[in-house]
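Comments concern the structure below.
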Amino acid sequence: MESSVVVPWLILGVLMAISSTQVEAAARAFFVFGDSLVDNGNNNYLATTARADSPPYGIDTPSRHPTGRFSNGKNIPDFISDALGSEPTLPYLSPELKGDKLLVGANFASAGIGILDDTGIQFMNIIRMFRQFQYFEEYQKKLADLVGKDEAQRIVSEALVLITVGGNDFVNNYFLVPFSARSRQFNLPDYVRYLISEYRKLLVRLYDLGARKVLVTGTGPLGCVPAELAMRSPSGQCATELQQAAALYNPQLVEMVNGLNSQLGANIFIAANTQQQTSDFISNPGAYGFTTSKIACCGQGPYNGLGLCTQLSNLCSNRNEYVFWDAFHPSERANGIIVDMILNGSTNYMNPMNLNAFLALDTKTKT
């Protein structure tokens with residue numbers, strides 16, 4: 001899961017506008033780092049249980065086949081690519097990522113990973129953050145071979161970078177089992193501070209690797225996903241401890257991002273308050289055309305929140321009515337709402353500015 005993501009006037013049909021929401025700049029490269037919320041299929045190439053390579057994943061894609069995305073259709077990076085006027089980024093491990101495809105960018109994300117290297121150890125062979133960055137360095141060498149070193153550096157510096165990580169550090173680490181190693185090491189407030197300090201190191205590393213426009217997302221309302229309702233909340237109320245974790249984490253993430261921008265003397269990073277974004281349509285799903293924010297479309301057990309989404313699972317007939325596709329991940333339609341908010345949202349949701357304003361900065365500089 002994970003993180004981990006409208007404005008009050010958003011209504012049913014807003015997603016139709018997303019595909020036409022184009023930033024003014026020409027299509028730029030796009031790089032994606034993080035976990036299953038943004039994985040476009042890297043884990044399909046790995047020996048791990050954290051995969052979305054079987055039906056009914058991908059049921060609402062044009063091919064109706066699984067793509068490796070933890071969604072019935074598009075995920076967050078896909079909608080951002082639409083807004084950039086670009087084709088979707090390919091997984092870095094895809095053999096198709098070569099030649100001119102390198103100019104589009106690449107997706108390095110891997111389901112199951114966290115900020116910390118010990119997060120998601122049960123998934124074994126996944127691409128942890130340090131390795132995602134190593135792959136980014138490899139990518140830049142391949143790009144330089146294609147277009148030359150100076151042009152490669154320009155492409156990377158003008159690219160948009162998305163990093164979505166942190167939710168697994170709670171649900172697949174601190175709260176994974178009672179008396180987990182991390183929960184014995186830290187009380188929750190200290191653990192959150194530790195995560196933020198480690199996340200800052202990741203952002204500094206991205207900067208050192210040439211990233212100059214980075215969209216950073218926080219965690220969603222962790223205690224409200226169907227998996228946590230099924231395991232921790234027979235009454236259907238959001239799990240208190242996980243909600244407390246998100247409430248501590250997200251404001252500190254925004255503060256850290258603002259502080260890093262101040263230190264660097266430029267707006268290199270913008271932060272999405274994904275908890276607030278997603279909480280809006282979880283608390284009032286009907287306002288956005290959803291019928292439920294508690295029950296997953298695909299799954300089994302209470303709230304369809306137990307186990308994996310498989311061909312044997314319960315499967316809803318109208319995915320657009322569900323906030324959650326599976327036990328942890330938003331539906332395609334919910335992903336679209338999240339991205340529309342990232343593009344156009346107020347400072348209640350985006351700090352210090354929304355994505356459209358962020359990308360317009362260098363357009364204004366060039367003109």
The chain, helix-only ellipticity at 222 nm - DSSP H runs n ≥ 4, -39,500 (n - 2.57), divided by all residues, nearest 500 | -11500 deg cm²/dmol
For LYS141, the aspartates and glutamates lying under 19 Å Cα to Cα, once residues fewer than eight places off in the same chain are dropped, come out as GLU96, ASP100, ASP150, GLU151, GLU158, ASP208
Here the percent of antiparallel bridges among DSSP beta bridges lying wholly in the range 28-359, to the nearest 5, is 25
For the chain, what is the accessible area per residue in Å², given a 1.4 Å probe and the full set of protein chains?
-> 40
Quotient of Cα Rg and 2.2 N^0.38 Å for the range 223-306, N being how many residues it contains | 1.37
Using the structure shown, list the pairs from LYS101/LYS213; LYS98/LYS213; LYS149/LYS213; LYS201/LYS294 with a Cα-Cα distance above 30 Å, or answer none.
-> LYS201/LYS294
When we measure straight from the Cα of LYS74, which aspartates and glutamates land under 18 angstrom away, once same-chain ones fewer than 8 places off are left out?
-> GLU2, ASP35, ASP39, ASP53, ASP60, ASP82, GLU87, GLU321, ASP326, GLU332, ASP340
Taking only the alpha-carbon atoms of the range 229-271, the convex hull volume per residue, in cubic angstrom, is 68
Sorted largest first, the C-alpha extents of the range 188-235 along its principal axes in whole angstrom are 47, 24, 11
Does the chain come out rounded, prolate or oblate by the C-alpha gyration tensor, with a ≥ b ≥ c the root eigenvalues, rounded set by a/c under 1.5 and, if not, prolate when a/b is larger than b/c and oblate if not?
-> rounded
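Take the solvent-accessible surface of the protein heavy atoms, probe 1.4 Å, and return the percent of it on the chain that carbon and sulfur atoms account for. Don't jump to the answer; show the numbers that get you there.
Working: 7820 of 14500 Å².
Carbon and sulfur together cover 54 percent of it.
The values are calculated or read from the model by the stated rules, or taken from the named source; none is laboratory data. Computed from a prediction, not measured in an experiment: that's the story for all the values here. Side chains are part of the model used for accessible areas, which takes the heavy atoms of the whole protein and leaves out ligands, DNA and RNA. Shrake-Rupley method; radii C 1.70, N 1.55, O 1.52, S 1.80 Å.
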